[in-house]
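Take a look at the structure set out below.
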Amino acid sequence: MEVDEVPPIIDDCDTIPAKKQALSKEQKQTLAEEKKAQGNEYYKRKEYKLACDLYSHAIDMCPECAALYGNRCAAKMMLNRYEEALQDARQSTKLDQTFVKGHLREGKCHLALGNANAAVRSYTIVLQLDQNNQEAKKEAEVAQNSQKYETEADSDFDKKDYRKALYCMDRCINLSPACLKYKIRRAEALALLKRYQEAQEQANDILQRERMNADALYVRGLCLYYQGNVDKAFQHFQQVLKLAPDHDKARHVYKKAKLLTTKKQEGNEKFRCGLWQSAYDLYTEALNIDSHNIFTNSKLYCNRANVSTKLKKLDEAIEDCTKAIALDNNYQKAFHRRAKW
């Protein structure tokens, strides 16, 4: 990414700190050009933080120069500081609505942050200013591909085709590397594919940057719930709903998790009381609540198998143990009970 040459320095320097007001316009121009030139050198050497600082000094001298904001935007983009870069890009186009590179960079920032619609709008402006701009045409096509993948992912989640949804999210992240929304949806797809460790790692990475990110907390709670760590899962869902009371996914899973836990506990109580058929019915109800919770369902099948032996249904008991093992092949109790019967 190239930085821009700065045009003749503008006259409006009213925002310069008081100690700089004593400088003449020519002195401010000279200082700004020196800082800009130094920034360009550091940018070429890929020392983007130093370049960014120098462009900021130049902006202090001449806060109405669009190209200086454009240069700082370019440096911030190289530092993956896309939200800050977007602010600079917007300021550059606000100061000069015909600043093509400003609109291009605004589009790139929008796309990196996962806002493909806004990116397309920025590239459309570029093509209105310069209809032969090949970079804008190429980037607009990239943004449209991102829109396509996001739409397909929404449909795949609805159809419960989580493998395809994961593929689409990977494509979106490649195009929008700074988009937390895509990373969270990817983590959710991983969780629903039972790839819990990968899902938790993705969620934890987000939470290191945004400790109170409700969606990342939801995904981590989802993993805990599906791995049978119900108490911690409940804590996560409760925290999500405090942060985002309208979080429908968290509310739905939390409700389902509580119902599953309640039915399992009621079944256990009926079993302890010798009410075999009631226990059997409650375990069956619990098994119909959430097919994704394989570890809890494995225990439910094993519990129902135990009840079936009390009801003289030995074949069903063996079948339920086999189902329990199919869900969790490390579940030793199911192996022992099947071997015994």
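The values are calculated or read from the model by the stated rules, or taken from the named source; none is laboratory data. Since this is a predicted model, take the numbers as computed values, not measurements. Glycine also receives a Cβ, built like all others from the backbone with ideal geometry; neighbour counts cover every protein chain displayed. To get the accessible areas, we keep the full protein, side chains included, count just its heavy atoms, and leave off ligands, DNA and RNA. Shrake-Rupley method; radii C 1.70, N 1.55, O 1.52, S 1.80 Å.
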Quick check on this structure: which one of A165, A178 is among the small types (G, A, S), under 15 Å from the mean Cα position of the chain (by Cα) and modelled with pLDDT of 95 or more?
A165
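Specify the residue that is nearest to R45 (Cα to Cα); the eligible residues are those in the stretch 60-92 that are of a type in the set (S, T, Y) and surrounded by 24 or more Cβ atoms within 10 Å (Cβ to Cβ). If you could, list the steps in order and put the result at the bottom.
Narrowing the stretch 60-92 to residues of a type in the set (S, T, Y): 69, 82, 92.
Remaining after also requiring surrounded by 24 or more Cβ atoms within 10 Å (Cβ to Cβ): 69, 92.
Values: Y69: 19, S92: 24 Å.
Looking at the filtered set, the residue picked out is Y69.
Name the single residue that is farthest from R81 (Cα to Cα) among those in the stretch 161-187 being among the hydroxyl-bearing types (S, T, Y) and assigned to a helix (DSSP H, G or I). First the steps, then the outcome.
So in the stretch 161-187, the residues among the hydroxyl-bearing types (S, T, Y) come out as 162, 167, 176, 182.
Of the ones still in play, those that are also assigned to a helix (DSSP H, G or I) are 162, 167, 182.
Working: Y162: 31, Y167: 26, Y182: 17 Å.
Per the criteria, the residue is Y162.
Would you check if K333 is among the basic types (K, R), open to solvent by less than 80 Å² (accessible area, probe 1.4 Å) and in contact (Cβ under 8 Å) with a residue 12 or more places away in the chain? It would help to see each step written out before you state the result.
On the way: among the basic types (K, R): yes; open to solvent by less than 80 Å² (accessible area, probe 1.4 Å): no; in contact (Cβ under 8 Å) with a residue 12 or more places away in the chain: yes.
Criteria not met by K333.
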Would you check if there is a residue in the stretch 111-123 being open to solvent by 60 Å² or more (accessible area, probe 1.4 Å), assigned to a helix (DSSP H, G or I) and closer than 22 Å to Q87 by Cβ?
yes
List pairs: first residue in the stretch 212-241 and more than 14 Å from Y196 (Cα to Cα), second residue hydrophobic (A, V, I, L, M, F, W, C) and not in a helix (DSSP H, G or I) anywhere in the structure, Cβ distance under 6 angstrom, at least six positions apart or on different chains.
A214/A244
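Just for helices (runs of 4 or more DSSP H) wholly inside the stretch 238-329: which have at least 1 residues that are acidic (D, E), modelled with pLDDT of 95 or more and open to solvent by 30 Å² or more (accessible area, probe 1.4 Å)?
On the way: elements: 248-272, 276-287, 294-310, 314-327.
In the stretch 238-329, 248-272, 276-287, 314-327 are the helices (runs of 4 or more DSSP H) which contain 1 or more residues that are acidic (D, E), modelled with pLDDT of 95 or more and open to solvent by 30 Å² or more (accessible area, probe 1.4 Å).
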How many residues does the stretch 142-179 contain that are free of Cβ contacts under 8 Å to residues at least 40 places away in the same chain, surrounded by fewer than 22 Cβ atoms within 10 Å (Cβ to Cβ) and within 12 Å of A112 (Cα to Cα)?
3
Search result, residues across the stretch 204-237 that are surrounded by fewer than 17 Cβ atoms within 10 Å (Cβ to Cβ), at pLDDT 95 or above and farther than 22 Å from C179 by Cα:
K232, Q235
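Condition check ((1) closer than 23 Å to E106 by Cβ; (2) at pLDDT 95 or above) across all residues:
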| residue | (1), (2) |
| --- | --- |
| T15 | yes, no |
| K20 | no, no |
| N40 | yes, yes |
| E47 | no, yes |
| M61 | no, no |
| L68 | yes, yes |
| M78 | yes, yes |
Just one of (1) open to solvent by 60 Å² or more (accessible area, probe 1.4 Å); (2) over 26 Å from L111 (Cβ atoms); (3) touching a Phe, Trp or Tyr at 6+ places or on another chain (Cβ under 9 Å) trips up E34, so point out which.
(3)
